[in-house]
Amino acid sequence: MRFRVQTQSKIKAYQLRDDIQYKRKLWNSEGVGWLQNLNDKNITNFLRIYMIICREIKEVTAGVNRIARNREVTNYCRQYQA
């Protein structure tokens with residue numbers, strides 16, 4: 001999560017450096033689309049990294065949730081086996 005925030009900060013820094021006002025809700029789908037349309041090489045590169053990080057966070061979170069659900073089911077079954 002920390003790396004995602006650092007990447008967001010880098011993107012905002014490039015915008016400020018180039019005097020580009022950034023949107024208030026920059027990290028929703030509309031804001032990300034707006035960033036892509038800026039056609040700034042540095043922002044585009046950081047945006048790719050940001051998207052990869054977001055995808056990885058979603059995958060890891062889904063895996064953790066799946067493991068937690070499996071443990072709940074296992075514990076539930078153990079209660080009724082005895």
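A short reminder: the numbers here are calculations on the coordinates, not readings from a lab. Quantities reported herein were computed from a predicted structural model and do not represent experimental measurements. Heads up, the Cβs are rebuilt from the backbone with ideal geometry, glycines too, and the neighbour counts pull from every protein chain shown.
Among the residues of the stretch 41-61, just one is within 12 Å of residue 14 (Cβ to Cβ) and either of a type in the set (Lys, Arg) or in contact with a His (Cβ under 7 Å, 6 or more places away or on another chain) (or both), namely 41. Of all residues in the stretch 28-53, those that are among the polar types (S, T, N, Q) and assigned to a helix (DSSP H, G or I) total 5. When residues in the stretch 1-19 are screened for being surrounded by 14 or more Cβ atoms within 10 Å (Cβ to Cβ) and over 27 Å from residue 60 (Cβ atoms), 2 of them pass.
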